[in-house]
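A short write-up of the structure that comes next.
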Amino acid sequence: MLRNEGILINHKRVERIWREEGLKLPKKQLKKRRLWLTDGSCIRLRAEHKNHVWSYDFVEDKTRNGRKIRFLNVLDEYTHECLASVPRRSWRNNDVIELLSDLMLAHGVPEYMRSDNGSEFTAKQVRKWLSEAGSITAYIEPGSPWENGYIESFNARMRAEFLNGELFDTMYEAQVLTQLWVRYYNQVRPHSSLGGRPPAPQTVIPIAA
């Protein structure tokens, strides 16, 4: 964040200040060995360009009255851009198709759609629509969320950086705040996998004199 704002600073100095303030540095995680299947299943699929692979999944939260909210998140695995994060009380097959249709009109049709085996994603109506749109469904193995690592990582960051810090009184409030956070995630928040740059930094076009 500091470097993106033009402040030159050594990362060791930031870490020292971090420790002096009593903040916890993230623990080093053990590397996981990936399971490679020999039947060409979707775990071998790696995004090679924009619109090659999109992944989508649900995250749940609730409003202050205890009613459930389900966020449908859609991510481009190559650019890491969050294409949509939409909260609703419930999702039907037509709702999923409607959201994907809007995204494909704006961004183009992905070659593959990766997801788990949730009923909203395996429904015949959704699979038929994706096939007719020209996108191939790629389902992960049941009980293997690590095969859908990009969207799982996004969901974890959304939970830690956004949902855990917000109390939603109404659905409208959840919708507005989600849009603001997605804009921050795409345009401002540094991503280590992208060299400290956001996936879709905002471009400012100067007005000619």
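The values are calculated or read from the model by the stated rules, or taken from the named source; none is laboratory data. Keep in mind it's a predicted model, so treat the numbers as computed, not measured. Cβ placement follows ideal geometry from the backbone for every residue including glycine, while neighbour counts extend to all protein chains displayed.
For the criterion of being free of Cβ contacts under 8 Å to residues at least 12 places away in the same chain and in a helix (DSSP H, G or I), Ala156 passes. The residues on offer are Ser101, Ser131, Ser119, and the sole one that is more than 17 Å from the chain's Cα centre (by Cα) and modelled with pLDDT under 90 is Ser119. Scanning segment 92-137 for residues that are hydroxyl-bearing (Ser, Thr, Tyr) and in a helix (DSSP H, G or I), we see that the one that is surrounded by the fewest Cβ atoms within 10 Å (Cβ to Cβ) is Ser119. Residues in segment 41-61 that are among the hydroxyl-bearing types (Ser, Thr, Tyr) and either out of contact with any Phe, Trp or Tyr (no Cβ under 7 Å at 6 or more places or on another chain) or part of a loop (DSSP other than H, G, I, E, B) (or both): Ser41, Tyr56. The condition of being touching a strand residue (DSSP E or B) at 6+ places or on another chain (Cβ under 9 Å), over 22 Å from Arg46 (Cα atoms) and either of a type in the set (Asp, Glu) or in contact (Cβ under 8 Å) with a residue 40 or more places away in the chain (or both) holds for Leu163. Taking (1) modelled with pLDDT of 75 or more; (2) outside any loop (DSSP other than H, G, I, E, B); (3) not acidic (Asp, Glu) in turn, Ile9 satisfies each apart from (2). Could you say whether any residue in segment 29-50 is surrounded by 10 or more Cβ atoms within 10 Å (Cβ to Cβ), out of contact with any His (no Cβ under 6 Å at 6 or more places or on another chain), at pLDDT 80 or above and of a type in the set (Val, Ile, Thr)? Checked against the condition, which is being surrounded by 10 or more Cβ atoms within 10 Å (Cβ to Cβ), out of contact with any His (no Cβ under 6 Å at 6 or more places or on another chain), at pLDDT 80 or above and of a type in the set (Val, Ile, Thr), segment 29-50 yields no hits at all. In the condition set (1) at pLDDT below 85; (2) within 26 Å of Arg197 (Cα to Cα); (3) crowded, with 17+ Cβ neighbours inside 10 Å, Asp76 is compliant with all but (1).
If you scan segment 62-91, which residues turn out to be in contact with a strand residue (DSSP E or B) (Cβ under 8 Å, 6 or more places away or on another chain), touching a residue at least 40 places away in the same chain (Cβ under 8 Å), farther than 18 Å from Thr137 by Cβ and part of a loop (DSSP other than H, G, I, E, B)? Listed by number, the residues that qualify are Arg64, His80, Glu81, Arg89.
The residue pairs whose first member lies in segment 1-15 and is more than 22 Å from Tyr185 (Cα to Cα), whose second member is part of a loop (DSSP other than H, G, I, E, B) and of a type outside the set (Gly, Ala, Ser), and whose beta carbons are closer than 6 Å, counting only pairs six or more residues apart or on different chains, are Ile9/Leu2. Does Arg183 satisfy being out of contact with any helix residue (DSSP H, G or I) (no Cβ under 7 Å at 6 or more places or on another chain), modelled with pLDDT of 90 or more and surrounded by 13 or more Cβ atoms within 10 Å (Cβ to Cβ)? It is true that Arg183 is out of contact with any helix residue (DSSP H, G or I) (no Cβ under 7 Å at 6 or more places or on another chain), modelled with pLDDT of 90 or more and surrounded by 13 or more Cβ atoms within 10 Å (Cβ to Cβ). Beta carbons closer than 6 Å, at least 6 apart along the sequence or on distinct chains, pair a first residue in segment 34-59 that is among the polar types (S, T, N, Q) with a second that is at pLDDT 50 or above for Asn51/Gly108; Asn51/Pro110; Ser55/Leu75; Ser55/Glu77; Ser55/Arg114; Ser55/Asn148; Ser55/Tyr150; Ser55/Ile151. Cβ-Cβ contacts under 7 Å between residues 6 or more apart (or on different chains), taken from a first residue in segment 168-193 that is closer than 22 Å to Asn4 by Cα to a second residue that is at pLDDT 90 or above, are listed as Trp181/Phe162; Val182/Cys82; Val182/Ser85; Tyr185/Cys82; Asn186/Glu81; Asn186/Cys82; His191/His80; Ser193/His80.
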